[in-house]
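Notes for the one structure printed next.
The values are calculated or read from the model by the stated rules, or taken from the named source; none is laboratory data. As the structure is a computational prediction, the values presented were derived from the model and not from experiment. FYI the Cβ positions are ideal-geometry reconstructions off the backbone, even for glycines, and counts take in every protein chain you see. Side chains are part of the model used for accessible areas, which takes the heavy atoms of the whole protein and leaves out ligands, DNA and RNA. Shrake-Rupley method; radii C 1.70, N 1.55, O 1.52, S 1.80 Å.
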Amino acid sequence: HEEKLLNRSIVSEDTELEIRKIGKGRYEIVYSPEEPGAKEYVSKATLKKNVICDESICIGYDTKLKKAVFLDKDDMRIIYPEW
């Protein structure tokens, strides 16, 4: 469900991000922190088991919830939204 994650705003508690495809199997995650004075930053990411992962987090699309979810990189459990 990669297409459901690309080029749209994904919002968590304190950050808004956008995922862009930059090549075959290569992505950029653009983070826009909501804190005053915080700067936007970009991290490189790859597709791994139907989720997009950078060095610290993975983002996938949950078909049951019908929205983007943040996953723990080690065990792929949903960490946001919390249950």
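Go through Lys21, Lys66 and list them by solvent-accessible area, largest first, probe radius 1.4 Å.
Values: Lys21 105, Lys66 145 Å².
Heavy-atom accessible area, descending, gives Lys66, Lys21.
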GluC sites (Glu not before Pro) within the range 28-83: DSSP coil, no more than 14 neighbouring Cβ in 10 Å: Glu34, Glu40, Glu55, Glu82
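Under a 1.4 Å probe, what is the accessible area of the chain per residue, stated in Å²? Present the calculation step by step, with values, prior to reporting the outcome.
Details: 5640 Å² over 83 residues.
Value returned for the chain: 68 Å² of accessible area per residue.
So, counting K/R as plus one and D/E as minus one, what does the shell of residues with Cβ under 9 Å around Thr46 add up to? Could the numbers behind the result be given before it?
Details: positive: Arg26, Lys44, Lys48; negative: Asp54.
Local charge sum for Thr46: +2.
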At q = 0.13, 0.28, 0.31, 0.33 Å⁻¹, work out log10 I(q)/I(0) for the range 5-50 with the Debye formula, treating every Cα as an identical point scatterer and leaving solvent out; two decimals please. -0.30, -1.03, -1.15, -1.21
Give me the distance in nm between label points sitting 7 Å out from Cα along the Cα-to-Cβ direction at Glu13 and Lys49, one decimal. 2.4 nm
³J(HN,Hα) computed for each position of the range 60-65 - Karplus, 6.51 cos²θ - 1.76 cosθ + 1.60, integer Hz, glycine/proline x: x, 10, 8, 5, 6, 7
Of Leu6, Ser43, Ile79, whose Cα points farthest to the positive end of the dipole of the chain (charges on the beta-carbon: +1 Lys, Arg; -1 Asp, Glu; origin at the Cα centre)? Leu6
Could you give the size of the charge dipole of the chain about its Cα centre, using +1 on the Cβ of each K and R and -1 on the Cβ of each D and E, expressed in debye and rounded to the nearest 20? 600 debye
Quick query: amide H of Glu16 versus all other amide H atoms, modeled in the peptide plane; which residues come in under 5 Å with a sequence gap of 5 or more or a different chain? Ser32, Glu34
Counted charge near Met76, where neighbours are those whose Cβ lies closer than 14 Å (Asp, Glu -1; Lys, Arg +1): 0
Sequence-distant residues sharing a close amide H with Lys73 (under 5 Å, placed H): Cys58
I need the phi-derived Karplus couplings for the range 44-49: 6.51 cos²θ - 1.76 cosθ + 1.60, θ = phi - 60°, integer Hz, Gly and Pro marked x. 7, 9, 9, 8, 9, 6
Student exercise: in the chain, how many lysine pairs 8 or more apart or on different chains have Cα atoms under 17 Å apart? 16
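Could I get the Rg over Rh figure for the range 41-83? Both from C-alpha atoms, Rh via Kirkwood, rounded to two places.
Numbers: Rg = 10.2 Å, Rh = 10.6 Å.
Checking Rg against Rh, the ratio lands at 0.96.
Where does the charge balance sit around Glu34 when Lys and Arg score +1, Asp and Glu -1, over other residues with C-beta under 13 Å from its C-beta?
-4
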Over the Cα atoms, compute the radius of gyration (one decimal) and Dmax (the largest Cα-Cα distance, rounded to a whole number) for the chain, in Å. 12.2, 36
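Return the FRET efficiency for the residue pair Ile78, Glu28: r is the Cβ-Cβ distance, R0 is 25 Å, and the value is rounded to the nearest 0.05. Please list the in-between numbers first.
Details: r = 23 Å, r/R0 = 0.92.
Efficiency, rounded to the nearest 0.05: 0.60.
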